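Worksheet: one structure, shown below.
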Amino acid sequence: MKMMSSGCAIGTMAFVSGITLGIAAGLLWAPQSGKRTREDLQDLASDTFDQAEDWLDNTKETVDDFVKRGKAAVMGA
């Protein structure tokens with residue numbers, strides 16, 4: 001498992017959020033039907049939600065790892 005610093009994780013989430021907002025804005029101003037735009041936004045929201053879940057799972061794993069290592073260090077001390 002890769003270890004990410006909290007600054008890196010926050011930067012990654014900010015980057016992904018910026019891309020998502022940029023795509024959503026582009027879709028809103030794109031010359032296509034309203035139905036198609038709503039479908040695209042729904043797909044984008046679903047993809048973003050999936051990415052956020054993945055990020056959250058990775059963050060939980062990282063925190064759990066730190067907690068286990070911290071407990072081992074305290075118990076071993």
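The values are calculated or read from the model by the stated rules, or taken from the named source; none is laboratory data. If you're wondering where the values come from, they're calculated on a predicted model, not measured in any experiment. Quick reminder, even Gly has a Cβ in these numbers, built from the backbone with ideal geometry, and neighbours come from all protein chains shown. Accessible surface is based on the protein model in full, side chains and every heavy atom, while ligands, DNA and RNA are left aside. Shrake-Rupley method; radii C 1.70, N 1.55, O 1.52, S 1.80 Å.
Of the candidates GLU61, GLU39, GLU53, which one comes out as most mobile in a Gaussian network treatment of the chain with C-alpha springs shorter than 10 Å?
Maximum fluctuation in the GNM of the chain, among the listed residues, is at GLU39.
Roughly how many whole Å is it from the C-alpha centroid of region 46-77 to that of region 5-43?
Distance between centres, Cα-based: 26 Å.
So what's the angle, to the nearest 10 degrees on a 0 to 90 scale, between helix 34-76 and the longest Cα principal axis of the chain?
Helix 34-76 sits at roughly 0 degrees to that axis.
For the peptides 62-75, 15-28, what is the packing order when you average, over each peptide's residues, the other Cβ atoms within 10 Å and list the highest mean first?
Ranked from most to least packed, the peptides come out as 15-28, 62-75.
How large, in percent, is the carbon and sulfur part of the accessible surface of region 5-77 at a probe radius of 1.4 Å?
Numbers: 3600 of 5590 Å².
Looking at region 5-77 in its full context, I get 64 percent from C and S.
How far is helix 6-29 tilted, in degrees, relative to the longest principal axis of the Cα atoms in the chain, given as a value from 0 to 90 rounded to the nearest 10?
The angle comes out at about 10 degrees.
Output the direction-averaged projected area (hull surface divided by four) of the convex hull of the alpha-carbon atoms of region 17-72, in nm².
Average of the hull's projected areas for region 17-72 equals 4.0 nm².
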